[in-house]
Amino acid sequence: MKKIRNISLLMGFLVLAISCDNTVDLTAEFKDIPVVYGVLSPADEDHYIKVERAFLGGDNSNALDIAQIADSLYYENLDVKVEHLNSGDVITLQKVNGEDEGLEREDGIFATSPNWLYKFSTELVEGDEYTLRINRGDNLPEVTATTAIVGSFNFTSPIMPTDINIRYRNFPLSWRKKDGIAFYDVKMLFHFLEEDADNIGIFNERTIQWDIFDNLSADNGGSNTFSINFDGEQFYQFVGGELDDINGRKRIFTSLDFVVDAGAEDLFDYINIGLANTGITSSQVIPTYTNLSEGVGVFSSKNREIYEGFTLKAEARDSLATGIYTTGLGFE
C-alpha cells in the first residue's frame, strides 16, 4: 500500500479568488495562469504535483460552467520536471489519472474526472533542495519553484515504548526540532477492539483519530526541543463524543500512536494566507499566496513521524471504563 493517500489538492479556491476579484477587467486580453500544488515528503514513496490553469480575460463565459469542463482545467501538453539541485539529477514526471492512484478528486464546482496529476517515485534526500520546472509551451515563461526537504525529528517525551498515564490535566509531548520546520500538526490514533454486534465473542479492530493540534507554529524561542501539552480531559471527551454506547457489548483498548506532521515555511504561509480574510467581517476576496515564478500555488515540503505502540496504565484504563465522559462505552 502506498504511503500517500491523504494528499490535499487545495487549489480550487485559487481559481475562485481570481474569478471573484472585483478589480479584474473581464474584457482584458486573455491571460493563461498556471495553478500549482506540490508538497514533497520523504515519508512518501510516490510524489504528486497538481497543475491546473485559470483564466483572466477572454469572453464573459460563466465561470461555473467552465469549471465543470475537465479540458478547461488542464493543459493539453505539459512538460513537468523536478531537479535535485545537490546532485544535478533531473526527473521527468509521468502524467497519471489520480483516480487510478487512489486519489479521487472531491465533489464540488470543479470537474472531478479525470483528475490529472504528475508523478515521480524517488527517495528524497532530507535537507537537499529540489526545483520544480514546468514548461507550458507556446513560448510561455517557464514556471519554477524551489524547496528544501524537511528533515526527520526524534520524539523525546514520552520515551518509547512505554505505558503512559493520561490524567484529567495537561499531558506533555516533546521532540527534537529540525531546521526548516515552520509548523506542526499533531494527531493521536486510538486503537481498540470492538465486539461484533452480530457475532458476540468476535472482536473487530477499530481506530479513531483525534486531531490534537493543527497548524501549530514551530517557533518556541530558539530551543532545540519543541514541547507542548494537551488537555487529558479533552482526550476522554473526544473518545466519549466519537463512540456510541454499544448496549452491553465490550470494547478493549489496545494501543495508541502519536502522529506528527511537520511542514516548511512556504507551506505554512500558503495555509495561513488561505485562511486569512475570511469570516463575517471579511472582504470576501480570498488572498492568494504563491512561491512560484509564474501563476499561483505552492511547491513545498513536509515530513511525518509516527510514534507507535503506546499503552495506557491502569489508572487511565480505569478512566476509560468508568470516567464521566466514557462510562457506558463498554471499555474493560
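The values are calculated or read from the model by the stated rules, or taken from the named source; none is laboratory data. A quick note: this is a predicted structure, and the numbers were derived from the prediction, not measured. So basically every Cβ, Gly included, is an ideal-geometry build from the backbone, and we count neighbours across all protein chains shown.
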Checking S174 against (1) in a loop (DSSP other than H, G, I, E, B); (2) among the small types (G, A, S); (3) over 19 Å from V298 (Cβ atoms), which single condition isn't satisfied? (1)
Without any contact (Cβ under 8 Å) to a residue 12 or more places away in the chain and in a strand (DSSP E or B): which single residue out of N215, N204 fits that description? N204
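Residues that are at pLDDT below 95 and closer than 17 Å to T147 by Cβ: find the helices (runs of 4 or more DSSP H) completely inside the range 227-332 holding 3 or more of those. Let's see the steps before the verdict.
Working: elements: 232-242, 265-275, 314-322.
Once the helices (runs of 4 or more DSSP H) in the range 227-332 are filtered for at least 3 residues that are at pLDDT below 95 and closer than 17 Å to T147 by Cβ, what remains is 265-275.
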Look at the range 128-144 and say how many of its residues are surrounded by fewer than 18 Cβ atoms within 10 Å (Cβ to Cβ) and out of contact with any Lys or Arg (no Cβ under 9 Å at 6 or more places or on another chain). 7
List pairs: first residue in the range 302-313 and among the hydroxyl-bearing types (S, T, Y), second residue surrounded by fewer than 16 Cβ atoms within 10 Å (Cβ to Cβ) anywhere in the structure, Cβ distance under 7 angstrom, at least six positions apart or on different chains. Y307/M160; T311/D163; T311/S255
Filter result for the condition that a residue is among the aromatic types (F, W, Y), modelled with pLDDT of 95 or more and on the phi < 0 side of the Ramachandran plot, over F120, F13: F120
Would it be correct to say that M160 is surrounded by 18 or more Cβ atoms within 10 Å (Cβ to Cβ) and among the aliphatic types (A, V, I, L, M)? no
Can you name the residue in the range 50-94 that is modelled with pLDDT of 55 or more and part of a helix (DSSP H, G or I) and, of all such residues, is surrounded by the most Cβ atoms within 10 Å (Cβ to Cβ)? L73
Report, ordered by the first and then the second residue, all pairs with beta carbons closer than 6 Å, sequence separation of six or more or different chains, a first member in the range 316-332 that is more than 14 Å from G248 (Cα to Cα), and a second member that is in a helix (DSSP H, G or I) and not hydrophobic (A, V, I, L, M, F, W, C). G323/Y236; Y325/Y236; Y325/Q237; Y325/G240
Sole exception among (1) under 24 Å from A262 (Cα atoms); (2) in contact with a strand residue (DSSP E or B) (Cβ under 6 Å, 6 or more places away or on another chain) for Y289, by number: (2)
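Kindly indicate whether D198 is touching a residue at least 24 places away in the same chain (Cβ under 8 Å) and loosely packed, with under 14 Cβ neighbours inside 10 Å. Walk me through how you get there before you give the answer.
Details: touching a residue at least 24 places away in the same chain (Cβ under 8 Å): no; loosely packed, with under 14 Cβ neighbours inside 10 Å: yes.
Here the answer is no, as D198 does not meet what is asked.
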